[in-house]
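Only one structure is covered here, and it is reproduced in the block below.
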Amino acid sequence: MKKCTGRVRMDIKTQFIFFMALCGPITASALDENSTLTITPLLKTTTSWDGKPIVYPKGQSEVTALIVEIAPGGETGWHEHPVPALGYILEGDLELRLAGGAVKVLHQGDVVPESIDVLHNGRNIGEEPLKILAFFIGAVDSKLSVAHPEFAPPALPDKE
């Protein structure tokens, strides 16, 4: 890893190793634990958080790693991912809302397999900036996200 302007930058090999650690089999590991190595399982799943199967796109594979930052009260805007994506909450609190109304709240250290081809919005519900380490498993020249600014979600019921 190289340090650059106060941020840690990962080369492609390090990104791939980190990605495999997040997505790889939890019950099996390429490394055996020992007195100097601890392995902490984060996630093993075949479905996104809304229960849909994860299907990899056709074509030449391409993995993209991003850090997504959202200011307090900020939102991603309604969008969908046409490729599998995985998010790790580095800092902050995230509310994910599906167009159908389902909601999931995530906090620092949580991992979420993103919904695929489902409209959703992410919102920082905390008082500090939200930072998400996001991995997209797509194909060369495939979009990672498709914005839907035209979507107007149904009104939320009043709390009594």
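Rounded, prolate or oblate: which one fits the stretch 33-160, using the alpha carbon gyration tensor with axes a ≥ b ≥ c (rounded when a/c is under 1.5, else prolate when a/b beats b/c, else oblate)? It comes out oblate by the Cα gyration axes. Taking Cβ atoms as reference points and 9 Å as the exclusive limit, the residues near Ile39 contribute a net charge of -2, counting Lys and Arg as +1 and Asp and Glu as -1. Given their separation in residues at 0.36 nm each and the Cα-Cα distance between them, Lys52 and Gln108 gain 17.8 nm when the chain is fully extended. Given R0 = 25 Å, the distance between the Cβ atoms of Ala71 and Ala147 translates into a calculated FRET efficiency of 0.85. Which FRET efficiency, nearest 0.05, do Leu98 and Ser35 yield, Cβ-Cβ r, R0 41 Å? That gives a FRET efficiency of 0.40. Put in line by how crowded their Cβ is, counting other Cβ atoms within 10 Å and starting with the fewest, Phe136, Phe151 read Phe151, Phe136.
Read-outs throughout are calculated quantities, based only on the coordinates presented, and are distinct from any laboratory measurement. Not measured: the values here are computed from a predicted model. Cβ: placed from backbone, ideal geometry, glycine included. Neighbour counts: every protein chain shown.
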